[in-house]
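Note sheet for the following structure.
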Amino acid sequence: MYTVKGKSNKDYLLTEHIPLVKRLAHHMKAKLPPSVEVDDLIQAGMIGLLDAISRYEETHGAQFETYAVLRIRGAMLDELRTSDWLPRSMRQNMRKIEEAMSTLQQRLGHPPTESEVAKLLKMSLADYQEMLGDGGGHQLVYYEDFHDPDGNDSFLDRHCVDEDSDPLRSLLDTDFRQSVIDAIDALPPREKILMGLYYEEELNLKEIGAVMGVSESRVSQLHTQAVARLRATLRELAWTGPA
């Protein structure tokens, strides 16, 4: 099927990028519930890596690792989606938080505090923070976001070119990427720092806690809250458009 040289190159890419799969799996596992096994993520990631190797062509102009990361993460997210790892009730709770944040943002003109969100939800601050802790693993984008249950095109649908396109690639190549950047920039300073440490410096929750002087569980709460803020902001932009 391949020339000797071609086969050798593919074997080299596979061997060289196995550590990348494991790193991405452990990084993703850090923000997921205990029920998710890291070995399952690694297995899915290896499938993504093999897919990247079979599809990659140097003429695409992108570095292989950049392309492979997209495929590996995509395969892991597919595994999570099919496993239904976040209960529907928890997603409903997170949607309530997002809606409360959106309402308060419009009413107050600034990102609401935890106490303000808890008050609107008619719960104690402790209960609200517990809800945030239970929502560990809440994502910025879900597969379901590509489909509106009412049959209307959703914001994410409008960023998919066709059925054969890579949704993640489509999102990154459109204004959605800039919208995410702007939304992160508008986060409260503490949450903005946390997101930078997590996604840019790739520190785990325990390391971030040490930097910020808080517990690992508190970092998880703040991360979940930051993601909820981002989703609320992006959903608002979906229907109103940028200012």
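All of the numbers you see were taken from the coordinates with simple rules; none came from a lab. Fair warning: this is a prediction, and the values are worked out from it, not measured in the lab. Don't worry about glycine lacking a Cβ; one is built from the backbone with ideal geometry, like all the others, and counts go over all protein chains shown.
Note the full-extension length gain between Gln92 and Gln63 as 0.36 nm times their separation in residues minus their Cα-Cα distance, in nm to one decimal. Length difference between fully extended and current span is 6.5 nm. Site pair Lys22 and Met212 shows an inter-label distance of 2.9 nm when each label is modelled 7 Å from Cα along Cα→Cβ. For Glu116 and Leu14, a Förster radius of 41 Å and the Cβ-Cβ distance give a FRET efficiency of 0.20, rounded to the nearest 0.05.
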